[in-house]
Amino acid sequence: MSKVSRNILSIAKLSIGYGSKTVANNINFDLEAGMLCGVVGINGIGKSTLLRTLAGFQPKLFGNILLHGEPLEKYISNTLSKELSVVLTEQPASKNLTVQELIALGRQPYTNWLGTLSKEDRQQIQASLDAFLLNELRNNKCHELSDGQLQRVLVARAMAQDTSLILLDEPTTHLDLFHKVQILKMLQALAHDQQKTILFTTHEIELAIQLCDRILILDGKEHPFGDPCQLIEKKHFDSLFPSEMVQFDGKTGSFKVNK
Amino acid sequence: MHVSKTYRISFIFLVLALLCSWLLNISSGSVSIPFADILSTLFGETPEVTSWEYIIWDYRIPKAFTSILVGAGLSLSGLLMQTLFRNPLAGPFVLGISSGASLGAALLLMGVSLFTGYTSFSFLGDVSLAIAASIGSFLVLLIVMVVAQRVKDTMALLIIGLMFGSITSAIVSVLAYFSSAENLQRFIFWSFGSVGNLSINQLLLLGSIVFVGVLLSIISIKSLNAFLLGENYAQSLGVSLKKSRLTIIIATGLLAGGITAFAGPIAFVGLAVPHLTRQIFDTMEHKVLIPAVMLYGAILMLLCDTLAQLPNSASVLPINAVTSLVGAPVVIWLLVRKRKMMF
């Protein structure tokens, strides 16, 4: 099999931003099926903008975004919704939905005009409930859930949408260490077991190094991309933050505060 | 969306309640008619006093059906707006849409004669009143929608709706100042709200408007459900935002505008009924909520109209006042009890 055909997402010379204001330039990377990729970088560097551009919420400024080899803007919304799902930082508008109702909304691209669920839809919803340990919470309202539980519900909804690419904007914010690790482990399992391509933005660089197959560093210049170990070897993490404040220790893959 | 429970019993209960309140509604009025005679007249017999037949068939039954259309339509428009604006306080009255309809009606009832010199209303049919009010509400709805895109803050949106109310009432005052006493009276009576006095043709027209509004709502069920997650999520689920939003706005404009044109501005039904419905139907699925709010709204409107009728007395209270007296405490009660209004 040729290498090109395995690429789910190919980004070349991408510029992102708002109108005349460019946020980041010349982003290049490719993602294959089954890869978990973290996007790291300091606040305001353009992580969310990149995600919003890839999700089609805002137009790119320049370059190419290829999904399955096709330009993203060529997809019509209904086809795209079967190939790309998102988990955003914004809360669901109505928290009066039950866990199961919210996850079931992920099946909308597949249901008829009234939204009737087929047997396959129900199986997929059940699989998502199981994968994210939500079975016992299925009839709870979303406003009754903790932050960690709600995050799992939102990711489970994306899984129910059954797309080859899942984009997540900061899925680990507001969570404690245990729940951060839990959600990232679940994402890793989803990517590896079901051959989903998952791209998420995060500030948890140390966790990303341990769990991701690929990391994209947005640094405002070269935007290095690759295997976490290679990125460490090439000392790409060292210049991520001002070195007088924090330093990266390549041996342990962690940051140390300068005292 | 998955409906975990069936709501068959609740629906049966609501349909029965609707039937009872309909019977209650047509058996009360300024002329006291024994219940047995009402029933026999309904089944085609001629009652003891022949004028009763006329009263029942030509006055009370059309009025009862108007109440049903008005209650069901306004409640549905409230539900649509609460979902579209993701705001539990949205409703045709709060967002200034009823004010828009009032302005349209005022411009027609008082403005046309003022600017053109015509004093007779013979050429102004019911259709033009319906169109004027619908256009008024539709325009306000569009403006509110544009503002809602820019202002994400829901409080700001409600304040803008209030401001619209002030602007329209100011324009109405100016019109009223220059208007002739006769035209002014027409407008004042219209603004009290009334579900009586509709001819069969008017009733049919109102019925068709509500029917189209309901139809548009039904084809929007899927996008309404997706909007519960927010617009970005809805878009990622394949919902065409522009098209769905426009469909929902047209449905709301037709429902709120058409009803306001014929029955006058009726407060609180659109806001309160969706919340009352959610007390029984604990779901956000619009497939369930749409028929439920319509039934609930029809029942509430029939009961309010029965109250307005003041049993066995010739006086009729303005229906707008009655719905406010019933609706406002309900909203307060819901807020106090649940601390937080959710949709």
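Look at (1) away from chain A (no Cβ under 14 Å); (2) assigned to a helix (DSSP H, G or I); (3) open to solvent by 20 Å² or more (accessible area, probe 1.4 Å) and you find that B:N197 fails only one, number (2).
Can you work out which of the residues in the stretch B:279-317 that are among the hydroxyl-bearing types (S, T, Y) and open to solvent by 10 Å² or more (accessible area, probe 1.4 Å) is modelled with the highest pLDDT? Checking each candidate, the answer is B:Y296.
Would you check which residues across the stretch B:36-83 are of a type in the set (A, V, I, L, M) and touching a Phe, Trp or Tyr at 6+ places or on another chain (Cβ under 7 Å) and list them? B:A64, the sole residue that qualifies.
All conditions in (1) touching a residue at least 24 places away in the same chain (Cβ under 8 Å); (2) among the aromatic types (F, W, Y); (3) under 23 Å from B:Y233 (Cα atoms) hold for A:Y75, with the sole exception of (1).
Any residue at all in the stretch B:98-118 that's within 21 Å of B:G213 (Cβ to Cβ) and at pLDDT below 80? Scanning the stretch B:98-118 turns up no residue that is within 21 Å of B:G213 (Cβ to Cβ) and at pLDDT below 80.
The rows are residues; the columns are (1) touching a strand residue (DSSP E or B) at 6+ places or on another chain (Cβ under 9 Å); (2) more than 22 Å from B:A105 (Cα to Cα); (3) outside any helix (DSSP H, G or I).
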residue	(1), (2), (3)
B:I249	no, no, no
B:G253	no, no, no
B:F262	no, no, no
B:A267	no, no, yes
B:H275	no, yes, no
B:M284	yes, yes, yes
B:V288	no, yes, no
B:L295	no, yes, no
B:T323	no, no, no
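So is B:N232 among the polar types (S, T, N, Q) and at pLDDT 95 or above or not? In short, no. Restricting the stretch B:40-51 to residues that are more than 29 Å from the chain's Cα centre (by Cα) and assigned to a helix (DSSP H, G or I), the residue that is surrounded by the most Cβ atoms within 10 Å (Cβ to Cβ) is B:T41.
All conditions but one from (1) over 23 Å from the mean Cα position of the chain (by Cα); (2) surrounded by fewer than 24 Cβ atoms within 10 Å (Cβ to Cβ); (3) not charged (D, E, K, R) apply to A:P109; the one that does not is (1).
Only residues that are away from every other protein chain (no Cβ under 12 Å) and either small (G, A, S) or open to solvent by 20 Å² or more (accessible area, probe 1.4 Å) (or both): list them for the stretch A:131-140, please. Result: A:A131, A:L133, A:N135, A:E136, A:L137.
Rundown of residues vs (1) in contact with a Pro (Cβ under 6 Å, 6 or more places away or on another chain); (2) among the polar types (S, T, N, Q); (3) within 23 Å of B:A234 (Cα to Cα), yes/no style:
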{"site": "A:S128", "(1), (2), (3)": "no, yes, yes"}
{"site": "A:N139", "(1), (2), (3)": "no, yes, yes"}
{"site": "A:S146", "(1), (2), (3)": "no, yes, no"}
{"site": "A:V153", "(1), (2), (3)": "no, no, yes"}
{"site": "A:R157", "(1), (2), (3)": "no, no, yes"}
{"site": "A:L168", "(1), (2), (3)": "no, no, yes"}
{"site": "A:Q182", "(1), (2), (3)": "no, yes, no"}
{"site": "A:L187", "(1), (2), (3)": "no, no, yes"}
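Counting only residues that are farther than 30 Å from B:P92 by Cα and touching a residue at least 12 places away in the same chain (Cβ under 8 Å), which one in the stretch B:52-74 is most open to solvent (accessible area, probe 1.4 Å)? Of everything passing the filter in the stretch B:52-74, B:W57 is most open to solvent (accessible area, probe 1.4 Å).
Consider B:L276 carefully, then state whether it is open to solvent by 20 Å² or more (accessible area, probe 1.4 Å), under 28 Å from B:G165 (Cβ atoms), over 18 Å from the mean Cα position of the chain (by Cα) and aliphatic (A, V, I, L, M). I'd like the intermediate steps shown before the answer.
Numbers: open to solvent by 20 Å² or more (accessible area, probe 1.4 Å): yes; under 28 Å from B:G165 (Cβ atoms): yes; over 18 Å from the mean Cα position of the chain (by Cα): no; aliphatic (A, V, I, L, M): yes.
No, not satisfied.
When the stretch B:151-194 is filtered for residues that are among the charged types (D, E, K, R) and surrounded by 15 or more Cβ atoms within 10 Å (Cβ to Cβ), only B:R186 remains. The single condition among (1) more than 7 Å from every other protein chain (Cβ to nearest Cβ); (2) among the hydrophobic types (A, V, I, L, M, F, W, C); (3) more than 30 Å from A:L145 (Cβ to Cβ) that A:W113 does not meet is (1). Counting the residues of the stretch B:207-240 that are of a type in the set (V, I, T), in contact with a Lys or Arg (Cβ under 8 Å, 6 or more places away or on another chain) and either open to solvent by 20 Å² or more (accessible area, probe 1.4 Å) or not in a helix (DSSP H, G or I) (or both) gives 1. Could you tell me whether the stretch B:241-252 includes any residue that is open to solvent by 30 Å² or more (accessible area, probe 1.4 Å), within 26 Å of B:S324 (Cα to Cα), within 14 Å of chain A (Cβ to nearest Cβ) and of a type outside the set (A, V, I, L, M, F, W, C)? For the stretch B:241-252, residues open to solvent by 30 Å² or more (accessible area, probe 1.4 Å), within 26 Å of B:S324 (Cα to Cα), within 14 Å of chain A (Cβ to nearest Cβ) and of a type outside the set (A, V, I, L, M, F, W, C): absent. All conditions but one from (1) more than 12 Å from chain B (Cβ to nearest Cβ); (2) out of contact with any helix residue (DSSP H, G or I) (no Cβ under 8 Å at 6 or more places or on another chain) apply to A:H143; the one that does not is (1).
Before we move on, is B:G91 over 30 Å from B:S169 (Cβ atoms), of a type in the set (G, A, S) and outside any helix (DSSP H, G or I)? Step through it out loud before you land on a result.
Numbers: over 30 Å from B:S169 (Cβ atoms): no; of a type in the set (G, A, S): yes; outside any helix (DSSP H, G or I): yes.
So B:G91 fails the test.
A:S118 meets the conditions (1) among the polar types (S, T, N, Q); (2) over 19 Å from A:M186 (Cα atoms); (3) open to solvent by 20 Å² or more (accessible area, probe 1.4 Å); (4) within 11 Å of another protein chain (Cβ to nearest Cβ) in every case but one. The failed one is (4).
Among residues belonging to the stretch A:121-130 that are more than 7 Å from chain B (Cβ to nearest Cβ) and of a type in the set (A, V, I, L, M, F, W, C), point out the one that is surrounded by the most Cβ atoms within 10 Å (Cβ to Cβ).
At the first step, the residues of the stretch A:121-130 found to be more than 7 Å from chain B (Cβ to nearest Cβ) are A:121-124, A:126-130.
Filter once more, so that each one left must be of a type in the set (A, V, I, L, M, F, W, C): A:127, A:129.
Working: A:A127: 15, A:L129: 22.
Filtering the stretch A:121-130 for residues that are more than 7 Å from chain B (Cβ to nearest Cβ) and of a type in the set (A, V, I, L, M, F, W, C), the one surrounded by the most Cβ atoms within 10 Å (Cβ to Cβ) comes out as A:L129.
Residue pairs whose Cβ atoms lie under 6 Å apart, sitting 6 or more positions apart in sequence or on different chains, and linking a residue in the stretch A:130-144 that is within 9 Å of A:N96 (Cα to Cα) to a partner that is open to solvent by 60 Å² or more (accessible area, probe 1.4 Å), are A:C142/A:K95; A:H143/A:K95.
Of the residues that sit in the stretch B:205-240 and are among the β-branched types (V, I, T) and under 19 Å from B:E285 (Cβ atoms), which one is farthest from the other protein chains (Cβ to nearest Cβ)?
Going through the stretch B:205-240, the residues among the β-branched types (V, I, T) turn out to be B:209-210, B:212, B:214, B:218-219, B:221, B:239.
Filter again for under 19 Å from B:E285 (Cβ atoms), leaving B:214, B:218-219, B:221, B:239.
On the way: B:V214: 15, B:I218: 8, B:I219: 7, B:I221: 6, B:V239: 7 Å.
Ranking the candidates gives B:V214 first.
The values are calculated or read from the model by the stated rules, or taken from the named source; none is laboratory data. Keep in mind that this is a model prediction, so the values were computed, not measured. Ideal geometry is used to build each Cβ from the backbone, glycine not excepted, and the neighbour counts take in all protein chains shown. Side chains are part of the model used for accessible areas, which takes the heavy atoms of the whole protein and leaves out ligands, DNA and RNA. Shrake-Rupley method; radii C 1.70, N 1.55, O 1.52, S 1.80 Å.
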